[in-house]
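One structure below.
The values are calculated or read from the model by the stated rules, or taken from the named source; none is laboratory data. Predicted model, so just to flag it, every value in this text is computed and none were measured. Here the Cβ is made from the backbone with ideal geometry for all residues, glycine too, and neighbour counts use every protein chain on show. For accessibility, only protein heavy atoms count, side chains too; no ligands or nucleic acids. Shrake-Rupley method; radii C 1.70, N 1.55, O 1.52, S 1.80 Å.
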Amino acid sequence: MSSTASTHTQPSPELLVMLERLIGFATVSRDSNLGLIEWVRDYLAGMGVSARLTYDASGRKANLFATLGEGSRPGLVLSGHTDVVPVDGQSWDTDPFKATIIGDKLFGRGSADMKGFIANALVLAPKYLASNMDAPLHLALSYDEEIGCIGVRSLIADLQDIGLTTAGCIVGEPTMMQPIIAHKGTHRFRCCITGREAHSSYTTQGVNSIEYAARIIVYIRQMADRLAQLEARDYAFTVPFTTLQTGTIKGGLASNIVPKDCEFQFEARTMPGASSDRLYQEIQDFAATLLPEMRRIEPNAAIQFEMLASAPGLSVQETDAIVKLAAALARNKPNGAVSYGTEAGLFQQAGIPSVICGPGDIEQAHRPNEFVALDQLGQCEEFMRRLIDSAPASTAQG
């Protein structure tokens, strides 16, 4: 790991080594994360801590859940996702899967989102085990957060199956170490339109799937405009209302062929506590009005919808115990709401009080030359040390 770091607030050398190791695992969502997960499993096993792994259907990805210590009180969960977004097509000045320190920043894919937090949690493990705390500490690492908070669902289901009671969860997404108490829900959908091919000089004999897709897309945009005008505002958010947008579209073979097939994907970002079901149903109902027109020409014409991913929003109060704890550990006041989604909403939905707080700036996430400021890593390390100092000591006699 190359370094020309400045001398202001610095993370410990052991933290930098840990983060370098984690960045070295190229855990892009489309690929396996087992290299990282199995390394963490073995790292914890070296301290006498067993880890529970839950695998996806392919067996190529896994969540990890581990409990450090024991006690009479419910323990806190430190949660992070292990997957990162691709670097394809991005122009990096350094190797994205090799931690590189330049000045006061550490560069690498996942440095901010969110291996900096995970590294801090892992470095904390031996210190927590050596302490005399009267509550366990739980580590929860998930897969496929970046493509819809997929893996954490089975992890949470495992916790529910074993009846684990927790004191709450801190999800370490990059927040500049400011506790975040709200985020929107994220819901992604696919629509596939099947029409009829024809020579473009005989358009009346075909069913143009792209044009019908366009009509649905325009309707989605009209719904978005309506929400922007009429939905109740929450100005804690940069965009203070539910949004809808179409992200991808593909279809057609050539400009002189009436296209038979078209597919597009769209999403809704809902306000906390709101459901996407009503919006999704309205879009499907509108699409259904187009089918009779299509089927007058092609009886087998179809419009099919699929929900790709859905994660609820988060909304907690500044007075909630988990928020007060995070604020005390970070020595930062809660900082309202963010528009991006996290796994925190799923933990909250499962009855686990949750807050978001971690090192780094979300603006650096997913970009080329992603970085986390060394000062942010240092602040998170202090956060973890205070976690040990603030935990009640065991009074059990040995």
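Across the chain, Cα pairs under 8 Å and at least six residues apart give a relative contact order of 25 percent.
Backbone geometry of the stretch 40-57 corresponds, through the Karplus equation with coefficients 6.51, -1.76 and 1.60 at θ = phi - 60°, to 3J(HN,Hα) couplings of 5, 4, 6, 4, 5, 4, x, 9, x, 9, 8, 10, 9, 10, 10, 9, 7, 4 Hz, x marking Gly and Pro. For the pairs LYS98/LYS184; LYS61/LYS184; LYS61/LYS115; LYS105/LYS324, flag any whose C-alpha to C-alpha distance is greater than 24 Å. Result: LYS98/LYS184; LYS61/LYS184; LYS105/LYS324 exceed 24 Å.
What the chain shows is 44 Å² of accessible area per residue, with the surface traced by a 1.4 Å probe over protein heavy atoms. Gain on full extension, evaluated as 0.36 nm per residue between TRP92 and SER12 minus their Cα-Cα distance, stands at 26.2 nm. With θ taken as phi - 60° and the Karplus curve 6.51 cos²θ - 1.76 cosθ + 1.60 applied, the whole-hertz 3J(HN,Hα) list for the stretch 204-214 is 5, 8, x, 10, 7, 5, 5, 5, 5, 4, 4 Hz, x standing for glycine and proline. Legend: residues TRP39, TRP92, sorted from most to least accessible area (1.4 Å probe; ligands, DNA and RNA excluded), read TRP39, TRP92. Ignoring aspartates and glutamates fewer than eight residues from LYS260 along the same chain, the ones with Cα atoms less than 13 angstrom from its Cα are GLU197, GLU211, GLU298.
Between ASP42 and ALA157, what's the calculated FRET efficiency when r is the beta-carbon distance and R0 is 30 Å? Round to 0.05. After rounding, the FRET efficiency stands at 0.75.
Database remark: amide H of SER354 closer than 5 angstrom to the amide H of CYS169 (H placed geometrically; neighbours at sequence offset of 5 or more, or on other chains; Pro and chain starts carry no H). For a modelled paramagnetic label at LYS333, 7 Å from Cα along Cα-to-Cβ, the residues of the stretch 164-198 in reach, with backbone nitrogen under 13 Å, are 179. Less than 5 angstrom separates the built amide H of THR242 from those of MET271, all sequence-distant by 5 or more or on a different chain. A 1.4 Å probe, protein heavy atoms only, puts the accessible area of TYR340 near 50 Å². Each of GLN317 and THR203 was given a label point 7 Å from its Cα along the Cα-to-Cβ line. The distance between the two points is 5.9 nm.
Summarising the amide proton neighbourhood of LEU68: residues at separation of 5 or more, or on other chains, whose placed amide H is nearer than 5 Å comprise LEU137, HIS138, LEU139.
Using a simple spin-label model with pseudo-atoms 7 Å out from Cα toward Cβ, ASP225 and TYR340 lie 3.1 nm apart. Coordinate range of the alpha-carbon atoms in the chain per principal axis, descending: 84, 43, 39 Å. Quantify, in whole percent, the carbon and sulfur part of the accessible surface of the chain (1.4 Å probe; protein heavy atoms only). Heavy-atom surface of the chain belonging to carbon and sulfur, 1.4 Å probe: 50 percent. Residue by residue, the stretch 352-369 carries 3J(HN,Hα) couplings of 9, x, 9, 8, 10, 6, x, x, x, 10, 4, 5, 8, 5, 6, 8, x, 6 Hz when phi is fed to the Karplus relation 6.51 cos²θ - 1.76 cosθ + 1.60 (θ = phi - 60°); x denotes Gly or Pro. If a/c stays under 1.5 just call it rounded; otherwise compare a/b with b/c (prolate if a/b is bigger, oblate if not). Do that for the stretch 215-263, with a ≥ b ≥ c from the square roots of the Cα gyration tensor eigenvalues. Taking the square roots of the gyration eigenvalues as a ≥ b ≥ c, the stretch 215-263 is prolate.
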